[in-house]
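> Encoded as structure tokens, here's the structure I'll be asking about.
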Amino acid sequence: MRIRTFEEYQTAYQHSVEDPEGFWAEIAQEFKWHKPWKKVLEWNFSTPDIKWFVGGKTNITENALDRHLRELGNHPAIIWEPNDPSEPSVTLTYKMLHDQVCRFANVLKRNGVVKGDRVCIYLPMVPEAAIAILACARIGAVHSVVFGGFSAQSLTDRIIDSNCKVIVTSDGAARGNKNIPMKDTVDDALIACPSVQKVIVLTHTRTPISMIKGRDVWWESEMKQVTSDCRPEVMDSEDPLFILYTSGSTGKPKGVVHTTGGYMVYSAYTFQNVFQYEKDQVFFCTADVGWITGHSYIVYGPLLSGATSLMFEGIPTYPDAGRFWDIVDRHKVDILYTAPTAIRSLMGFGLKYVEGKDLSSLKVLGSVGEPINEEAWNWYNEHIGKGKCPIVDTWWQTETGGILISPIAGVTKTKPTYATLPLPGVQPILVDESGKEIEGNGVSGNLCIKYPWPSIIRTTWGDHERCRQTYFSTYPNLYFTGDGCLRDEDGYYRITGRVDDVLNVSGHRIGTAEVENAINMHADVIESAVVGYPHDIKGQGIYAFVICENTLDDEDLSRRDILATVTRIIGPIAKPDKIQFVRGLPKTRSGKIMRRILRKIAEGDTGNLGDTTTLLDPTVVDDIKAGAM
Ligand code: PRX
């Protein structure tokens, strides 16, 4: 499965295009299957209907845990670094992790969970998050992890959409010097969720919480009631493994569904190749398990590969801006995988937090989640990698399950701000607005993929039509990514950002429509329009233009109320950075908001707003320009 040289990459790539089924079958054979597949791939992008390793039976936890026990039983699987650096870190060996996963799987069963049921996981970054995820997979329950920063309302929406039976949470979470009341949020969320029968509560911060008789049980006491003997459920390749909600350009977040066989093969394959992981190395991915990066590269990819995955509870700036480097130093981290927003933020604190930290263990650096600007790339390269660690700028999405375009560390020649080349099995194409392929190099267009890879999205939970419409209908027979992309003279790919109404704020994906809906919930608001603008640290900031019912006595107070409303409806990550009150929005005669104009104003580029004569009331533009922030 391992690519070692650029020639091997080229050979593998060619093989994967000429004979995709043969290529992936060879890789899939390295896993344990209860029953071999009958056919490697069946696909149709128009319905869409995609099946990998058809008829194959396996269990992903057997591959991530049991398979390693003999050789790696006493080898660290997870190293946990707590929020408070004065507290000890925790190491779970593969044997210990296996034991805990089996026990918790039995706890789930004891609480009524059976194969196919959905379990919501709302936990901080603690090993128990990985344990809960794997325990679901052990018994064939479908996990739906919700990022701990989402509000009760967002949690409710996600629980209802997938009809979760059980929720796993903790009393609280520690992030920097904040204590986050997880269980309180769950209690609020559950007022509107009749489907939830049990809440399993982990003791973590020991914050006082309510425990409701008959519904709420403690993780620790449940674990004492069960054995560590839990046979893995035999799963079909195409049985759903998990649901992960993500934002799109319209409506509520959708539940992206990944299935068992293909996701298993692809997350492990990409982990091993992109990062060139070697036995005994420590891999540190700084993402939260609530995002796809955490699923694929904290939990599944590394554990399927017998790797040591470092999991960090806290934030990069606590107790100071040297925390990541301190962790790298103390745990001798070999591979660090983080987001440009973190790099930019730490860069701003200056080099004094890097100096004096021994970063010599580092071999590979990774970047994910948003375009990385050249300055951040160079700083990462020079001051963290000391010019000797390849940087893998990995492009992918919740829907892709794993990395699609990225250098292979030490194999692909890197170039700042470029995700470089597609991994084997990935066939990108650029198209123009009409869907015509843009051939050759030195071109840009909308990024699509023309052939399935094993961990491609299968459906959106409960609404297959939405999946078809969002990803497979814009351009017939292509998967549309929603990203704009440039292919340079060398055939290298550079992702330039979303071409739809999706924002990427600090690597978090947020739909403009979602933020608008939240703002519009505020009693005084008549209408709003949200756009992104370039932000030095976050990549993109959120700029909201808001029309209120009455003239406002105190604009600042109203702004704060709107921020509180957005926090309540979505969560703090969706709070606008700027709110401008306006008397009208630039609309066409058919009532469509011309976002292009708002985007330019938000960017501060008001010199040339293009043609505004088609607007219903062109004078609103002058007013907005005058009040721009
Ligand atoms: O716009 C792209 C951007 O993040 C989007 C996917 O977001 P999400 O599903 O939350 O997954 C993030 C982690 C995989 C993409 O459509 N994106 C992700 N990685 C990169 C990127 N943009 C540029 N360069 C990247 N390396």
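The values are calculated or read from the model by the stated rules, or taken from the named source; none is laboratory data. This is a predicted model, so every value here is computed, not measured. Neighbour counts are summed over all protein chains in view; Cβ atoms, including those assigned to glycine, are modelled from backbone coordinates with ideal geometry.
> Considering only segment 463-505, state which residues are outside the structural domain of residue 44 (by TED's automatic domain parsing), more than 9 Å from the ligand (Cβ to nearest atom) and at positive phi.
Answer for segment 463-505, where residues must be outside the structural domain of residue 44 (by TED's automatic domain parsing), more than 9 Å from the ligand (Cβ to nearest atom) and at positive phi: just 491.
> Looking only at segment 471-503, which residues are surrounded by fewer than 21 Cβ atoms within 10 Å (Cβ to Cβ) and polar (S, T, N, Q)?
Selection gives 473, 474, 477, 496.
> May I pose another question? Looking at 48, 36, 20, which one is more than 30 Å from residue 92 (Cβ to Cβ), in contact with a Cys (Cβ under 9 Å, 6 or more places away or on another chain) and either surrounded by 14 or more Cβ atoms within 10 Å (Cβ to Cβ) or assigned by TED's automatic domain parsing to the domain that holds residue 236 (or both)?
Details: 36 fails: in contact with a Cys (Cβ under 9 Å, 6 or more places away or on another chain); 20 fails: in contact with a Cys (Cβ under 9 Å, 6 or more places away or on another chain).
Exactly one of 48, 36, 20 is more than 30 Å from residue 92 (Cβ to Cβ), in contact with a Cys (Cβ under 9 Å, 6 or more places away or on another chain) and either surrounded by 14 or more Cβ atoms within 10 Å (Cβ to Cβ) or assigned by TED's automatic domain parsing to the domain that holds residue 236 (or both), namely 48.
> Considering segment 351-366 alone, what residues qualify as being buried (at least 16 other Cβ atoms within 10 Å of the Cβ), more than 27 Å from the chain's Cα centre (by Cα) and of a type in the set (Lys, Arg)?
Of everything in segment 351-366, just one residue is buried (at least 16 other Cβ atoms within 10 Å of the Cβ), more than 27 Å from the chain's Cα centre (by Cα) and of a type in the set (Lys, Arg), namely 357.
> Also: Working carefully through the options 269, 318, find the one that is aromatic (Phe, Trp, Tyr), more than 25 Å from residue 54 (Cβ to Cβ) and more than 17 Å from the chain's Cα centre (by Cα). Outline the logic, then answer.
On the way: 269 fails: more than 25 Å from residue 54 (Cβ to Cβ).
Checking each option against the conditions leaves just 318.
> I want to confirm something. Restricting to segment 438-459 and keeping residues that are among the small types (Gly, Ala, Ser) and assigned to a loop (DSSP other than H, G, I, E, B), which single residue is farthest from residue 44 (Cα to Cα)? Lay out the reasoning, then the answer.
Taking segment 438-459 first, the residues among the small types (Gly, Ala, Ser) are 440, 442, 444-445, 455.
So of that shortlist, the ones also assigned to a loop (DSSP other than H, G, I, E, B) come out as 440, 442, 455.
Numbers: 440: 27, 442: 31, 455: 15 Å.
Only one residue fits best here, namely 442.
> Take residue 195 and tell me if it is surrounded by fewer than 22 Cβ atoms within 10 Å (Cβ to Cβ), assigned to a loop (DSSP other than H, G, I, E, B) and of a type in the set (Gly, Ala, Ser). First the steps, then the outcome.
Values: surrounded by fewer than 22 Cβ atoms within 10 Å (Cβ to Cβ): yes; assigned to a loop (DSSP other than H, G, I, E, B): yes; of a type in the set (Gly, Ala, Ser): yes.
Judged against the criteria, residue 195 is a match.
> What residue, of 253, 240, is more than 21 Å from residue 56 (Cα to Cα) and under 19 Å from the mean Cα position of the chain (by Cα)? Break it down stepwise before answering.
Values: 240 fails: more than 21 Å from residue 56 (Cα to Cα).
Only one candidate passes the filter, namely 253.
> Within segment 76-99, is even one residue at pLDDT 95 or above and closer than 30 Å to residue 428 by Cβ?
No, there is no match, as no residue in segment 76-99 is at pLDDT 95 or above and closer than 30 Å to residue 428 by Cβ.
> Please go through segment 98-129 and give me each residue that is touching a strand residue (DSSP E or B) at 6+ places or on another chain (Cβ under 6 Å) and not in a loop (DSSP other than H, G, I, E, B), ordered by number.
Correct list: 118, 119, 120, 121, 122, 127, 128.
> Can you pull out every residue in segment 423-437 that is assigned to a loop (DSSP other than H, G, I, E, B) and surrounded by 14 or more Cβ atoms within 10 Å (Cβ to Cβ)? Before the answer, list the steps.
Let us first name the residues in segment 423-437 that are assigned to a loop (DSSP other than H, G, I, E, B), namely 423-427, 432-436.
Residues satisfying the conditions are 423, 424, 425, 426, 427, 435.
> Determine whether segment 392-404 contains at least one residue that is touching a residue at least 12 places away in the same chain (Cβ under 8 Å), away from the ligand (no atom under 11 Å from the Cβ) and in contact with a Gly (Cβ under 9 Å, 6 or more places away or on another chain).
The first filter runs over segment 392-404 and keeps only residues touching a residue at least 12 places away in the same chain (Cβ under 8 Å), leaving 392-404.
Filter once more, keeping what is away from the ligand (no atom under 11 Å from the Cβ): none.
Checked segment 392-404: no residue is touching a residue at least 12 places away in the same chain (Cβ under 8 Å), away from the ligand (no atom under 11 Å from the Cβ) and in contact with a Gly (Cβ under 9 Å, 6 or more places away or on another chain).
> Are there any pairs, at least 6 apart or on different chains, whose C-beta atoms fall under 9 Å, with the first in segment 240-255 and on the phi > 0 side of the Ramachandran plot and the second part of a strand (DSSP E or B), and if so, which?
Listed by first residue and then by second, the contacts come to 251/511.
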